[in-house]
1. Compute the Rg/Rh shape ratio of the stretch 4-85: radius of gyration over Kirkwood radius, all on alpha-carbon atoms.
2. What would the Debye formula give as log10 I(q)/I(0) at q = 0.15, 0.25, 0.29 Å⁻¹ for the alpha-carbon point model of the stretch 15-60, no solvent?
3. With 10 angstrom as the radius, rank Glu44, Glu57, Glu71 by how many other C-beta atoms surround their C-beta, starting from the fewest.
Amino acid sequence: MFDKTNFTAVIDQRLQRALDHSFVAMRDASAADHGSYMRRCQLELLQTDAAKLPTPERLKRVKQTQDPALEALYFQFGRHLMVAGSRPDSPLPAKGCPFTVDCVWV
């Protein structure tokens, strides 16, 4: 668990563990771990022509044009944040604060 009083030791330890592995090995292990959670659920909604546009453009048009696939994209993004932010050794969420969208991290 993250200890604010001893953060440099934690960082030094993590850095040393990282240096013991190649970038490719770490990337692949991370992708496999994260993917194992992300593959548990899929949400596919109707794709309109708007799905072919870049996300910023889709956001500008969302009030005028329906874009169900954008809602699915946001759903998956929220899941990604939940998976990434709720790892056992993560300093977030703050101690005693559940991982929710309205939790203030200190």
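1. Here the Rg-to-Rh quotient is 1.17.
2. With one equal scatterer per Cα and no solvent, log10 I(q)/I(0) is -0.68, -0.88, -0.98.
3. Numbers: Glu44 8, Glu57 11, Glu71 14.
In order of increasing Cβ crowding within 10 Å: Glu44, Glu57, Glu71.
No lab work stands behind these numbers, since they all come straight from the coordinates. Keep in mind that this is a model prediction, so the values were computed, not measured. Positions of Cβ are generated from backbone atoms using ideal geometry, with glycine treated the same way; all protein chains shown enter the neighbour counts.
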